[in-house]
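Participant: Structure below; questions to follow.
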Amino acid sequence: MARETHSRQRQLREQIAQLAARLIAEDGIDDWGLAKKKAARTLGLTEAHCLPTNAELEAALLEYQRIFAEDEQREELHWLRSQALDLMDLFERFQPHLVGPVLSGAIGKYPTIHLHLFTDDEKAIEWFLLNESIPYDPSQRRVFIAGAAATVPCFELNVDGTDVHLIQFAGPDRHQPVRLTADGRPMARAGRASLAARLDETAAPEPLQQADR
């Protein structure tokens, strides 16, 4: 009986993840928690334990893109990662690392570039933005650093039509795992060299050359 219940819950999570992935890809919902809850309501499900994890939703979104928009998704991802590289060059002094959907590839209709920046000077990033005349909206974000809850500064920009979120951490936090929820998985990070290597994954395939006759 317990096995049947577990199997049923897994199937429900898969159904919710698949519908939530479609909402993210087609309707532009960028809040994954909201997408999961909306998908669950659409399916007539209210049990919290049926909601998929972010890892399950990410897998469903990548599968959706592979089936329905593989070429478009690859081109968009290549452009976004190229933009992210330019931004990492701009913010080089803050040891930038890319995180989130642009790194994983699970991008929605309106993707955002998320960069983690590191500095021991609480005002350094804000002063840098001001000195470079870069418009921004300040905000804050709750995260978990090495298991402890923390509220960190966030700067929201728009670069060439793409939303960019800069999240500021103290220097030593670069070596600590960061989670969005207390029980979530640590966020994957990529430095500039690692991201540059990933551009090959999204580059347009070389046209086949005809053999000499």
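Participant: Scan ARG142, ARG189 and give me the residue that is surrounded by 15 or more Cβ atoms within 10 Å (Cβ to Cβ), within 19 Å of the chain's Cα centre (by Cα) and basic (Lys, Arg). Give the derivation first.
Facilitator: Details: ARG142 fails: surrounded by 15 or more Cβ atoms within 10 Å (Cβ to Cβ).
Answer to the selection: ARG189.
Participant: Here's something else I'd like to know. Looking at the structure I just gave you, is ARG192 outside the structural domain of LEU57 (by TED's automatic domain parsing) and either within 28 Å of ALA60 (Cβ to Cβ) or in contact with a Phe, Trp or Tyr (Cβ under 8 Å, 6 or more places away or on another chain) (or both)?
Facilitator: Numbers: outside the structural domain of LEU57 (by TED's automatic domain parsing): yes; either within 28 Å of ALA60 (Cβ to Cβ) or in contact with a Phe, Trp or Tyr (Cβ under 8 Å, 6 or more places away or on another chain) (or both): no.
So ARG192 fails the test.
Participant: If you go through segment 159-186, how many residues are within 17 Å of VAL102 (Cβ to Cβ) and loosely packed, with under 13 Cβ neighbours inside 10 Å? Reasoning before the result, please.
Facilitator: First, the residues of segment 159-186 that are within 17 Å of VAL102 (Cβ to Cβ): 159-167, 178, 180.
Subset that is loosely packed, with under 13 Cβ neighbours inside 10 Å: 160-161.
Here the count works out to 2.
Participant: Moving on to the next point. Of all the residues that make up segment 1-37, how many are at pLDDT 85 or above and within 16 Å of TYR64 (Cβ to Cβ)?
Facilitator: Within segment 1-37, the subset at pLDDT 85 or above is 11-27, 29, 31-37.
Pick out the ones that are also within 16 Å of TYR64 (Cβ to Cβ) and you get 13-27, 29, 32, 35-36.
The qualifying residues number 19.
Participant: Scan GLU156, GLU126 and give me the residue that is in contact with a Ser or Thr (Cβ under 7 Å, 6 or more places away or on another chain) and at pLDDT 95 or above.
Facilitator: Details: GLU126 fails: in contact with a Ser or Thr (Cβ under 7 Å, 6 or more places away or on another chain).
Testing whether each residue is in contact with a Ser or Thr (Cβ under 7 Å, 6 or more places away or on another chain) and at pLDDT 95 or above leaves just GLU156.
Participant: Here are some conditions: (1) free of Cβ contacts under 8 Å to residues at least 12 places away in the same chain; (2) on the phi < 0 side of the Ramachandran plot; (3) not hydroxyl-bearing (Ser, Thr, Tyr). ASP137 meets all but one. Which one does it not meet?
Facilitator: For ASP137, the exception is condition (1).
Participant: Quick check: is even one residue across segment 197-207 part of a strand (DSSP E or B) and either within 16 Å of LEU87 (Cα to Cα) or out of contact with any Cys (no Cβ under 6 Å at 6 or more places or on another chain) (or both)? Show your work before the answer.
Facilitator: So the first thing to find is which residues in segment 197-207 are part of a strand (DSSP E or B), and the list is none.
Checked segment 197-207: no residue is part of a strand (DSSP E or B) and either within 16 Å of LEU87 (Cα to Cα) or out of contact with any Cys (no Cβ under 6 Å at 6 or more places or on another chain) (or both).
Participant: From the list ARG93, ARG74, which residue is in a helix (DSSP H, G or I) and more than 17 Å from the chain's Cα centre (by Cα)? If you could, list the steps in order and put the result at the bottom.
Facilitator: On the way: ARG74 fails: more than 17 Å from the chain's Cα centre (by Cα).
Just one listed residue meets the conditions, ARG93.
Participant: Within segment 106-121, can you find the residues that are more than 23 Å from the chain's Cα centre (by Cα) and surrounded by 11 or more Cβ atoms within 10 Å (Cβ to Cβ)?
Facilitator: Our first condition is that a residue be more than 23 Å from the chain's Cα centre (by Cα); within segment 106-121, this holds for 120-121.
Across segment 106-121, the qualifying residue is only ASP121.
Participant: Hey, can you tell me all the residues within segment 19-40 that are in a helix (DSSP H, G or I) and farther than 23 Å from ASP183 by Cβ? Full working, then the answer.
Facilitator: Our first condition is that a residue be in a helix (DSSP H, G or I); within segment 19-40, this holds for 19-27, 32-40.
Matches in segment 19-40: LEU19, ARG22, LEU23, ALA25, GLU26, ASP27.
Participant: If you check GLU58 against the conditions, is it assigned by TED's automatic domain parsing to the domain that holds LEU180, modelled with pLDDT of 85 or more and within 18 Å of VAL102 (Cβ to Cβ)? So that I can check it myself, show each step before the final result.
Facilitator: Numbers: assigned by TED's automatic domain parsing to the domain that holds LEU180: no; modelled with pLDDT of 85 or more: yes; within 18 Å of VAL102 (Cβ to Cβ): yes.
When the stated conditions are applied, GLU58 does not pass them.
The values are calculated or read from the model by the stated rules, or taken from the named source; none is laboratory data. What you see is a predicted model, and the numbers here were worked out from it, not measured in a lab. Using ideal geometry, Cβ is built from the backbone for each residue, glycine included, and neighbour counts are taken over all protein chains shown.
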